[in-house]
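Just so it is clear, none of the values below were taken in a lab; they were calculated from the coordinates. Keep in mind that this is a model prediction, so the values were computed, not measured. Reconstructed Cβ throughout: ideal geometry from the backbone, glycine too, with neighbour counts over all protein chains shown.
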Amino acid sequence: MSTNAAPVPQWVSDLNFPPTYKSKSGSIPDPHGYPSQSGAVSKKQAAKESKEPKPQPRKQPTPEEMDTLKLKKAWEVALAPVKSLPMTFFMMYMSGNSLQIFSIMMVYMAFKNPIMGLVGTNQAFERFESDTNKAKMLQVKLAYILMQLVALGVGIWKVNGMGLLPTTRSDWLAWEAQRDPLEHAVSAF
């Protein structure tokens, strides 16, 4: 009884022995760290790589440079609430002034995000703060608080537009004293 070995399918042989890599353009070398897939580096490329100077490691920034970078990043964090205000304002405008679930959720988010931002002011800036830039970080924190208050103002505008703020005299009628009439009219029949 002879055992016939089944012929190996083409995909198995291609998987085990991939075809050699053919460069589409001979004038463009492979990027650094990605040699041709054939595994062999040509003598011309090896000579080129040996002549090229090796990249120098990046020097560490000075403490002044680090403080400047931290301050720039802190300003980006401080101004981030204002960058989202136009979209929030537009969404509030489009949600309408009636009491619906969507407008209520929008108002909730308009109050929640700035309040949470105000509560977490120190946590937002603690990674940027150092001993040398505390005075400058105070300005950044004040700007952040101001931006959060502006965002809170958009929420107050929306609540006022919905008629939920007591801003008219008729909203306070329960606390007004009843007027005493000067005259009484009696119908004569």
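The value obtained for region 134-189, namely the Cα convex hull volume divided by the number of residues, is 140 Å³ per residue. Applying both filters, DSSP loop and at most 15 other Cβ atoms within 10 Å, to the trypsin sites (Lys or Arg not before Pro) of region 147-189 gives Arg179.
Could you pull out the pairs from Lys136/Lys158; Lys70/Lys158; Lys83/Lys136 whose alpha carbons sit more than 31 Å apart here?
Beyond 31 Å between Cα atoms: Lys136/Lys158; Lys70/Lys158.
In this simple spin-label model, placing a label point 7 Å from the Cα along the Cα-to-Cβ direction at both Lys112 and Trp157 gives a separation of 2.2 nm. Electrostatic bookkeeping for Leu152 treats Lys and Arg as +1 and Asp and Glu as -1; over the other residues with beta carbon under 15 Å from its beta carbon, the sum is +2.
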